[in-house]
Each structure stands twice: as structure tokens, then as C-alpha cells.
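A short reminder: the numbers here are calculations on the coordinates, not readings from a lab. Given the structure is predicted, the values throughout are model-derived calculations rather than measurements. Counting neighbours? That spans all protein chains shown, and the Cβs are built from the backbone with ideal geometry, glycine included.
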Amino acid sequence: MFEVKPLPFAKDALEPYMSQETLDYHYGKHYKTYVETLNRLIAGTEFENLSLEEIIQKTYQKPEYQAIFNNAAQAWNHEFFWSVLSPGGGGEPKGKLGARISKQFGSYEKFCETFKQAAVSQFGSGWAWVIDNGDKLEIVKTANADTPIARGQKPIMTVDVWEHAYYLDFQNRRADFVSSFLDNLAKWPNE
Ligand code: MN
């Protein structure tokens, strides 16, 4: 059984960039439903006592386990998303990570353009990610529930671009949501 994990911040802490109303639905309804549906689907199966990561990797690209994959991946993706949101977040990461971004993308501003392009060009629902491949950072987008975790990759940043993530605050303006996320909310790892 997986728990609905508590948010690492108060539901109104990200205002005005992400409203309490958005989190009431996004955390309180969407994320909670993924966790509860997953628990229902895995009860009494071979997946019952595995970690989310193990379930995701074992059900990836297996049509008979599509529903389990979708709900496990969305549970993981949302827990990771909550962990990269912070009041007072946003802006260029410091230290080694900031230096890696500048070196690889030319500048933090160029990195932001590429990340926004990935997020905005994801047709329909999905996610944009920064993956740390060790020698190289990579910006990718994934559709629906798909997650880099399925392929054993290590994400260090993500933004949810399902409409439920931004519609109450930004309506159809996904690009504005992603810009605001990078400027005001994104919490980078310290390295
Ligand atoms: Mn979501």
C-alpha cells in the first residue's frame, strides 16, 4: 500500500504563482486518485510489495499492465514534482549545477528557452524534464504518464504540463506557466 505523501509545503505557500485552489485539485484529487487507484490495482498481485520505481520498470511497455504503469508513474512523477517546487524558488541554480548548465547550454537563459520549448511543444498532456546522465544534462519531454524512471534515468527537475497543473491559474497559457515555474518555484538540487 502506498501512502498519499504530505506536500512538502503549505497549500497556499506557492501563491500567487500556484494557487491553493490548483493544489486542492492537483494534490487533493488528481495525485490522491493515482495513489488510491494504484493500491486497488496492485492488491493481491506480484506488484504489491514492490517500490514505485520497481513497479514502473516492470510494467513499462507491457500492454497488459498499462493501467498499473500509468498510476504508478503518475504517483512517482507527482511526488517528484512536489519535491522540486518551493516558495522562494526559481532562478539560476548556484554552484556546480549552475556552472554545468551554463557550460552545456551556453547560458542559463538559453537553458530556459530550450526547457520551455520542450514543455510547450509536448502535444497534449505530459511532462518536461532535466535528466542528469552523469557526463551530460539532457532536456526531454514525455507524454501522459511516461517517466524517465521507466528507463532507469535520473531526473533532477520536472514540470507537469497536464492542463490540470495550470489551467486554474494560467488558463491556456502553458508557456507563461512554465516561465513562472522557472522564475518563481523551481527548486534545484544543491551540488
Ligand atoms: Mn499532474
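Just to be sure I follow the rule: in the stretch 95-185, considering lysines 8 or more places apart or on different chains, how many pairs have Cα atoms under 18 Å apart?
9
Roughly how tilted is helix 66-83, in degrees to the nearest 10 and between 0 and 90, from the longest Cα axis of the chain?
It works out to around 40 degrees.
State the Cα centre-to-centre distance between the stretch 64-92 and the stretch 109-172 in whole Å.
Using only Cα atoms, the two centres lie 11 Å from each other.
To make sure I understand the rule: partners must be lysines, Cα under 21 Å from the Cα of residue 29, and not fewer than 8 residues away in the same chain. Which ones qualify?
Result set, ordered by chain and number: 5, 11.
Starting from the Kirkwood radius over alpha-carbon pairs of the stretch 149-191, derive D by Stokes-Einstein at 37 °C in a medium of 0.692 mPa s and give it in µm² s⁻¹.
Details: Rh = 11.9 Å.
Estimated diffusion coefficient is 277 µm²/s.
Within 10 Å, count the other beta carbons around each residue, average over each peptide in 75-83, 57-65, 17-25, and list them highest first.
Descending mean neighbour count gives 75-83, 17-25, 57-65.
Once the mean 1/r over all distinct Cα pairs of the stretch 20-83 is inverted, what Kirkwood radius in angstroms do you read off?
Details: mean 1/r = 0.0831 Å⁻¹.
Its Kirkwood hydrodynamic radius stands at 12.0 Å.
Got a sec? Charge dipole of the stretch 63-113, +1 on Cβ for Lys and Arg, -1 for Asp and Glu; which of 95, 83, 63 is way out at the positive end?
95
Do you know the relative contact order of the stretch 20-83, to the nearest whole percent, from alpha carbon pairs under 8 angstrom that are 6+ apart?
Relative contact order here is 37 percent.
How are the C-alpha pair distances of the chain spread across 10 Å bins, as whole percents from the shortest bin up?
Spelled out per bin, shortest first, that is 9, 36, 36, 17, 2, 0.
To test your reading of the geometry: what angle, between 0 and 90 degrees and rounded to tens, separates the Cα axis of helix 108-121 from the longest principal axis of the chain?
Result, in degrees: 40.
Over the Cα atoms of the stretch 95-185, each weighted equally, I'd like the Debye log10 I(q)/I(0) at q = 0.14 Å⁻¹, rounded to two decimals.
-0.49
What percent does the relative contact order of the chain come to when contacts are Cα pairs within less than 8 Å and at least six residues apart?
Relative contact order comes out at 26 percent.
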